[in-house]
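Read the structure below first, then the notes.
The values are calculated or read from the model by the stated rules, or taken from the named source; none is laboratory data. The structure presented is a predicted model; accordingly, all values stated were derived computationally and were not measured. Neighbour counts run over all protein chains shown; Cβ positions are idealised from the backbone, glycine included. We work out accessible area using only protein heavy atoms, side chains counted, and drop any ligands, DNA or RNA first. Shrake-Rupley method; radii C 1.70, N 1.55, O 1.52, S 1.80 Å.
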Amino acid sequence: MSVFPVAEKFVSINGESVRAGEPAVFIRFRGCNLGCGYCDTKWANTPDCPAEMMTAEELAEYVRGTGITDVTLTGGEPLLREGIYELIERLMKNGHRVEIETNGSISVAELDSKPCRPAFTLDYKLPSSGMESAMLTENYRYLKKCDAVKFVSGTEADLEKAAEIIEKFALTEKCGVYISPVFGGIDPKRIVEFMLERKLNGVRLQLQLHKYIWDPEKRGV
């Protein structure tokens, strides 16, 4: 039976992606294979981050007790966790909708082929992240309407690259597509202007709701 290092678990609203604004249970796993310059959960990415070791059964029981339907598995990087499908399957068979927030560098092919397939929110790490070379665009062949690709943008060059990737892979025809500002970085107004200038039909501006509702540094929200 797999055991997962859980950095935190809590109930809040989804701050971004397809189900933004909806109640959700969050399970944040320790550890990530990338090091984005703007990362807002660096504390959870280090090997020495305190974590509660929990089995899939224990996590499923915690989620059941919340009475909330939607579950977001996040990190760190949840796809690094061995046995993650065991947890997904258990949650979905219990009637939960499961979303995985992944950094876009790890294949989703295996999970896409499973009977209990979660929804994927894939990041595309733009130039200002320093991690663009790690992006695995092969993942885009597995995208479905329940999925999303998210572009966190901090500069004009980031916006240009986002538009290029959206067009190259026809992402708006496959899934939800979102452009978000690096919090405290690029002005969201500039993103709107860019979207209109480039006629990015089907693309949505998205602000991280939890950072506007609560203190941007607050955990567990």
**Q.** Answer label for Cα Rg over 2.2 N^0.38 Å (calculated), chosen among (1) 1.27; (2) 1.61; (3) 0.98
**A.** (3)
Q: Could you state the angle between the C-alpha long axis of helix 156-168 and the longest principal axis of the C-alpha atoms of the chain, as a value from 0 to 90 degrees rounded to the nearest 10?
A: 80
Q: Show the residues, 5+ positions off or on another chain, whose built amide H is closer than 5 Å to the amide H of E22.
A: N14
Q. If the cut-off is 22 Å between C-alpha atoms, which lysines fall inside it for K144, apart from same-chain ones fewer than 8 positions away?
A. K93, K114, K125, K168, K174
Q.
Restricting to Cα pairs below 8 Å that are 6+ residues apart, what does the relative contact order work out to for the range 1-139? Please round to a whole percent.
A. 23
Q: Tell me which residues come under 5 Å, amide H to amide H, from Q206 once H is placed; ignore anything under 5 positions away on its chain.
A: I179, S180
Q) Can you list the residues of the range 40-70 with backbone N under 12 Å from a point 7 Å past the Cα of M1, pointing along Cα to Cβ? A) 54-61
Q.
At 0.36 nm per residue, and after removing the present C-alpha to C-alpha distance, how many nm does the segment from S107 to E138 gain when stretched out fully?
A. 10.4 nm
Q) Given a 1.4 Å probe, how much area per residue of the chain is accessible, in Å²? A) 47
Q: Step through the residues of the range 14-28 one at a time and calculate ³J(HN,Hα) from phi using the Karplus curve (6.51 cos²θ - 1.76 cosθ + 1.60, θ = phi - 60°), rounding each to whole Hz and writing x for Gly and Pro.
A: 5, x, 7, 6, 4, 9, 3, x, 8, x, 7, 9, 10, 10, 9
Q: Give me the distance in nm between label points sitting 7 Å out from Cα along the Cα-to-Cβ direction at L196 and E160, one decimal.
A: 2.2
Q) So how tilted is helix 188-197 from the main axis of the chain? Cα-based, degrees 0 to 90, rounded to 10. A) 60
**Q.** Angle between the chain longest axis and helix 84-93 axis [Cα atoms, degrees, rounded to 10]
**A.** 80
Q: Calculate what fraction, in whole %, of the accessible area of the chain sits on carbon and sulfur atoms when a 1.4 Å probe is rolled over the protein chains.
A: 50
